[in-house]
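Enquirer: Got a structure for you, questions after.
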Amino acid sequence: MRRNKMRITGAVVVSATLALSAVACGGDDDGGGGSGNEITIGFMGDLTGENSGLVIPPKQGAQLAIEQYNATNPKVKIKFKTYDSQGKAEQATPLAQGAVKSDKIVGLIGPAFSGESESVGPILEEAKIPSVSPSATSVTLGEKGWKYWHRVVADDAVQSDGAANFLVNSVKAKKLFTVSDKQAYGEGLAGAIGKAAAAKGVQVQSDGVDDKATDYSSTVNKINQFKPDAVYFGGYYAVAGRLFKQLREAGYKGKMMSGDGSLATGLIEGAGEKNAQKALLSCGCLIDAEGKTNEKAKKFATDYQTKFGAEVAIYSTEGFDAATAFIEAVKAGKTTPEDINAYLKTIDVQGVGKQIKFDEKGELAAKDIFIYEVQGNKLPLLGNSNEAKVS
C-alpha cells in the first residue's frame, strides 16, 4: 500500500469511531519517551483522512498487541503514541521530526503508506530509529539501503506476481486492461501487474485516471472497446469504487480486480453493493477471522472483536505483528533504538499472520499473497493466490 488510501464504512466505521475517540492529532498518550521503566513506540499513518479506513485497523492491531503486553506487568512498559499524517508526506515529515526529537520514540510502526515512508525514512535513518511498516508496499522502499527500515507485508512486485498468477490460472484471463490513479502506489502496482500478466501471454492495455476526478467515461469507453476478460485497478478504494460503478453501469461484464489499496468495505459503498459483487482484491495482508491459516489468527480475531467491537480488517494482523516485533525485542531486554534494531535483524517468530522474519533489506521473508472477493457487503478470504478459486 502506498500514497493515500480509503473512506471508512461498514464494520470499519465502528472500529474507526472507537479509535478516533482515543486518537487526537497528538496521539493516544501525553508525555515524552518515558522513564527507564517505560519506552515510547509510535504509530504513523492516515487516522482521519479519506483513506483512514486502511490505517485505523493496523493502528488498532498494534494497540491491542501493546496493551496485552503491558497487561502482563513487564519490567519495561511500552507507551503507544500515534501520529496522524493523513497519509500526506508533507505532514508526515514534521511529525517524524517531533517524534524523534520531542517524544524520544525508540521505534515507529509505520508509516502506513509508501509516499510518506519515502519522506520519513531518511529522518529515521539519520536518527537511527527502527521502523516496521504494516502496509507500505512500494518496491523502491526496499532498495534504499536503509538499515533501520522493515515491513511485515510483501511488496508490490510480489503482489503483482501473485495477482497475475491468479488472473491467468483461476480467472483464465486472455485479455487484461490495467488502470492506475497516476499516483506512486497505483501506477507502480498497475504497471507491475500488466508486465507480469504480459509475460504469461496475456494481451494487455492500460490507462490512467485522475484520482481527484469523478468522471471516468474516457477510460470506461477504452475498456469496453478492448473487451478484456478482466480489469485491474491500481490505487485506492475511493477511486476504485467510482470506476467499478461506472464500468458496470456502462455494461462491462468481465472481472474487476484491485489491490490492497481497495481492500475495504468502502469499495462496496463507492461502487454500490450490486455493482461490487464478485469484485476481486489481492493483498499481501492476511484477514483470517476463522483461523484458516493458523491458530493464532483466530484468537487474535476474537481478541480484536472484543476490544474494538469490530471484525479484523485490512492490515489489522500486520499492525499486531509489527508491534509484536518491537515487543519481542523489549522482552529480550533491548530498549534502546540501536539495540532494538539489532534484534530485529535476528527475529524469527510466528506472528498472528505470517512468520515475522526479515531479510538483510528489512523485507519480510514470507512472500504470500492472498485473494479476497466481494460477497454481499463483506470481503471474505478466497485463499492464497496460487490456490484460490473464484466463486
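Enquirer: Suppose we look only past 26 Å in the calculated P(r) of region 257-391. What percent of the Cα-Cα pairs does that tail hold?
Expert: It works out to 31 percent of all Cα pairs.
Enquirer: Right, something else. ³J(HN,Hα) across region 65-81 via Karplus (A = 6.51, B = -1.76, C = 1.60, θ = phi - 60°), whole Hz, x for Gly/Pro?
Expert: Karplus-based 3J(HN,Hα) across region 65-81 equals 4, 5, 5, 5, 5, 4, 5, 7, 6, x, 4, 10, 8, 10, 8, 9, 10 Hz.
Enquirer: Based on the Cα coordinates of region 91-216, what is the per residue volume of their convex hull in Å³?
Expert: Spread over its residues, the Cα hull of region 91-216 gives 111 Å³ apiece.
Enquirer: Place a label point 7 angstrom from the Cα of Gln350 along the Cα-to-Cβ direction, then list the residues of region 57-89 whose backbone nitrogen is under 20 Å away.
Expert: Answer for region 57-89: 65, 69.
Enquirer: While we're looking at this one, here's another question. So which lysines pass the test for Lys88, namely a Cα distance under 18 Å, with those fewer than 8 places away in the same chain ruled out?
Expert: Candidates past the 8-residue exclusion: Lys5, Lys59, Lys182, Lys212.
Enquirer: For Lys299, list the aspartates and glutamates whose Cα falls under 18 Å from its own Cα; do not include residues on the same chain fewer than 8 positions away.
Expert: The reachable aspartates and glutamates, counting only those whose Cα sits under 18 Å from Lys299, are Glu67, Asp288, Glu290, Glu311, Glu318, Asp321.
Enquirer: For Met256, list long-range residues whose amide hydrogen, built 1.01 Å from N in the peptide plane, is under 5 Å from its own amide hydrogen.
Expert: Sorted by chain and number, the residues that satisfy this are Val231, Leu280.
Enquirer: Work out, step by step, the length gained on full extension between Lys378 and Asn70: first 0.36 nm times the residue separation, then minus their alpha carbon distance; give nm to one decimal.
Expert: 107.6 nm
Enquirer: Shifting gears a bit: Each residue of region 54-62 in turn: what ³J(HN,Hα) in whole Hz from Karplus with 6.51, -1.76, 1.60 and θ = phi - 60°, glycine and Pro shown as x?
Expert: 8, 10, 4, x, x, 4, 5, x, 5
Enquirer: Quick check: the angle from helix 237-249's long axis to the longest principal axis of the chain, C-alpha only, nearest 10 degrees?
Expert: Between the helix axis and the principal axis of the chain, the angle is about 10 degrees.
Enquirer: Of Ala192, Ala71, Ala157, which has the largest mean-square fluctuation in a 10 Å C-alpha GNM of the chain?
Expert: The residue with the greatest mean-square fluctuation here is Ala71.
Enquirer: Same structure again: In Å, what Kirkwood hydrodynamic radius results for region 270-337 from the alpha-carbon pair distances?
Expert: Numbers: mean 1/r = 0.0702 Å⁻¹.
Hydrodynamic radius (Kirkwood, Cα only) of region 270-337 equals 14.2 Å.
Enquirer: Under 15 Å from the Cα of Lys292, which aspartates and glutamates turn up, not counting those fewer than eight places away in the same chain?
Expert: Partners within reach: Asp368, Glu387.
Enquirer: Okay, next question. If you average 1/r across every pair of different Cα atoms in region 316-380 and take the reciprocal, what Kirkwood value do you get, in Å?
Expert: Final number for the Kirkwood radius of region 316-380 is 13.3 Å.
Enquirer: Given the options Pro337, Pro74, Pro58, which has the most mean-square fluctuation in a GNM of the chain, springs set between C-alpha atoms less than 10 angstrom apart?
Expert: Maximum among the listed residues: Pro74.
Enquirer: Still on this structure, please answer the following. Greater than 19 Å separation of Cα atoms is the criterion. Which listed pairs, Lys175/Lys274; Lys81/Lys345; Lys174/Lys253; Lys255/Lys278; Lys172/Lys255, meet it?
Expert: Lys175/Lys274; Lys81/Lys345
Enquirer: With θ taken as phi - 60° and the coefficients 6.51, -1.76 and 1.60, list the Karplus ³J(HN,Hα) couplings across region 270-286 in order, rounded to whole Hz; mark glycine and proline as x.
Expert: Couplings: x, 7, x, 4, 5, 5, 7, 4, 6, 5, 10, 9, 10, 7, x, 8, 10 Hz.
Enquirer: For region 78-147, just the Cα atoms, rotate onto the principal axes and tell me the three extents in Å, largest first.
Expert: 30, 25, 20
Enquirer: List the residues whose amide H sits under 5 Å from the amide H of Lys77, counting only those 5 or more places along or on another chain, with H placed 1.01 Å from N in the peptide plane.
Expert: Glu38, Ile39
Enquirer: Rounding to the nearest 20 debye, state how big the charge dipole of region 139-242 is about its Cα centre with +1 on each Lys and Arg Cβ and -1 on each Asp and Glu Cβ.
Expert: 260 debye
Enquirer: What spacing in nm lies between the two simple spin-label points modelled at Lys182 and Lys274, each 7 Å away from Cα in the Cβ direction?
Expert: 3.2 nm
Enquirer: A further question on this structure: For the chain, report the accessible area per residue in Å² (1.4 Å probe, heavy atoms, rounded to an integer).
Expert: I get 37 Å² per residue for the chain.
Enquirer: Further question: Tell me, how many Å apart are the Cα centres for region 274-346 and for region 53-83?
Expert: Taking the Cα centre of each part, region 274-346 and region 53-83 sit 11 Å apart.
Enquirer: Considering only DSSP beta bridges where both residues belong to the chain, give the percentage that are antiparallel (nearest 5).
Expert: Of the beta bridges lying entirely in the chain, close to 25 percent run antiparallel.
Enquirer: At q = 0.06, 0.09, 0.10, 0.13 Å⁻¹, what is the base-10 log of I(q)/I(0) for the chain according to the Debye formula with one equal point scatterer per Cα and no solvent? Please give it to two decimals.
Expert: With one equal scatterer per Cα and no solvent, log10 I(q)/I(0) is -0.21, -0.46, -0.57, -0.97.
Enquirer: Tell me which residues come under 5 Å, amide H to amide H, from Gly234 once H is placed; ignore anything under 5 positions away on its chain.
Expert: Val179, Ser180, Asp181, Ala190
Enquirer: Same structure, new question: Would you work out which of Tyr69, Ala238, Gly49 lies farthest towards the positive end of the dipole of the chain, given +1 charges on the beta-carbon of Lys and Arg and -1 on that of Asp and Glu, about the Cα centre?
Expert: Farthest towards the positive end: Ala238.
Enquirer: Now for a separate question. Compute the Rg/Rh shape ratio of region 149-246: radius of gyration over Kirkwood radius, all on alpha-carbon atoms.
Expert: Using only Cα positions, Rg/Rh for region 149-246 is 0.97.
The values are calculated or read from the model by the stated rules, or taken from the named source; none is laboratory data. This one's a predicted model, so the numbers in the text were calculated from it and none came from an experiment. Heads up, the Cβs are rebuilt from the backbone with ideal geometry, glycines too, and the neighbour counts pull from every protein chain shown. Quick note on the areas: whole protein, heavy atoms, side chains included, nothing else; ligands and nucleic acids left out. Shrake-Rupley method; radii C 1.70, N 1.55, O 1.52, S 1.80 Å.
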